[in-house]
Amino acid sequence: MKHLEQDVPLAAWVEPVQHQPFGFVSAILGFIQKTFVIAELEIRKLKHDPTELVTRAVQLALWLLVFGEVFTRIRAIPTGSESYIEFMTPGILAQSVLFVSIFYGIAIIWERDLGIVHKFLATPTPRGALVLGKALSAGVRSLAQALFIYILALLLSVKMNWNLLALLGMLVIVILGAAFFATFSLIIACLVKTRERFMGIGQVMTMPLFFASNAIYPISIMPAWLQVISRVNPLTYEVDALRGLMLAGGQMTYSFGFDFLILVIATTVLVILGSILYPRVVV
């Protein structure tokens with residue numbers, strides 16, 4: 001595979017899938033292959049700016065060490081048998097995933113200005129593979145946040161669940177959550193088309209999504225109107241699944257299967273919508 005920096009046609013990046021006896025199987029394999037090629041190209045960008053991961057780690061530490069420790073001491077928020085810092089640890093991971101992913105769409109605007117989007121659209125790569133590949137790369141980037149959270153949790157004596165299946169489930173939920181919000185960000189970028197308007201909308205969206213979820217307080221203590229908003233907020237289901245998977249004896253309001261299904265459906269819908277809108281970013 002050629003590197004992004006080399007002057008090679010984008011169509012040459014995706015090697016053709018060997019002929020399969022069934023056209024449908026060949027198409028599916030080709031779609032998967034092209035999706036992972038796009039994801040790998042996006043992940044490779046981390047080599048050029050690894051400081052992004054360090055910056056996010058500092059933000060995680062501030063939330064847990066300052067906000068979490070203070071509210072654990074004053075016991076202002078009822079969290080049942082869990083300490084407040086245990087309750088909020090999965091929520092802060094979900095928040096970090098949200099913050100990493102929600103501004104992902106600005107890269108689309110930069111790529112359009114550099115002419116990269118035009119080259120992508122000129123290749124035979126399906127639009128869905130372009131969108132899904134970028135979404136998956138956001139998920140992989142977010143895995144570093146999960147590692148930082150687990151390290152901080154150990155330092156703060158948070159009782160974590162180290163079961164292998166629980167850890168794998170956590171990785172799946174983090175990737176799905178990041179893919180959802182990255183695709184949501186891409187759709188916004190396709191609609192507004194300018195960096196200034198995108199940044200404004202992104203900043204307006206992050207706090208309402210975060211505070212209208214169960215990340216830092218239970219849904220049961222919210223006013224009725226906010227409970228309704230929380231139940232249609234995908235971040236709520238991401239946090240719910242993470243809370244059950246990450247904490248020793250963690251309890252879910254719903255179930256892992258339900259949370260997983262909600263995130264898969266929501267992400268699939270946005271990937272389809274993003275595939276339709278992606279060409280509009282250059283119009």
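Any read-out appearing in this document is the output of simple, stated calculations on the displayed coordinates, not a laboratory observation. Here the structure is a predicted model, which is why all the values come from computation and not from measurement. Virtual Cβ from ideal backbone geometry, glycine too; neighbours counted across all protein chains shown.
A few notes on this one:
- Arranged from fewest to most other beta-carbon atoms within 10 Å of their beta carbon, 175, 149 become 175, 149.
- Considering helices alone, the calculated mean residue ellipticity of the chain at 222 nm is -22500 deg cm²/dmol, with DSSP H runs of length four and up weighted by -39500 (n - 2.57) and normalised per residue.
- Cα gyration tensor shape of the chain, rounded if a/c is under 1.5, else prolate or oblate by comparing a/b with b/c: prolate
- Rounded to the nearest 10 degrees, the inclination of helix 164-192 to the longest alpha-carbon principal axis of the chain is 60 degrees.
- Between helix 84-102 and the chain there is an angle of about 20 degrees, using the helix long axis and the longest principal axis of the Cα atoms.
- Residues whose placed amide H lies under 5 Å from that of residue 247, excluding near-sequence neighbours: 161
- Cα shape, region 112-251, gyration tensor, a/c 1.5 rule: oblate
- P(r) of region 185-245 over all Cα-Cα pairs, binned every 10 Å from zero, in whole percent: 22, 40, 28, 11
- A dipole drawn for region 10-282 from +1 and -1 charges on Cβ atoms has a positive end, and of 70, 153, 38 the residue lying farthest that way is 38.
- The number of Lys pairs in the chain with C-alpha atoms less than 20 Å apart, excluding pairs fewer than 8 positions apart on the same chain, is 14.
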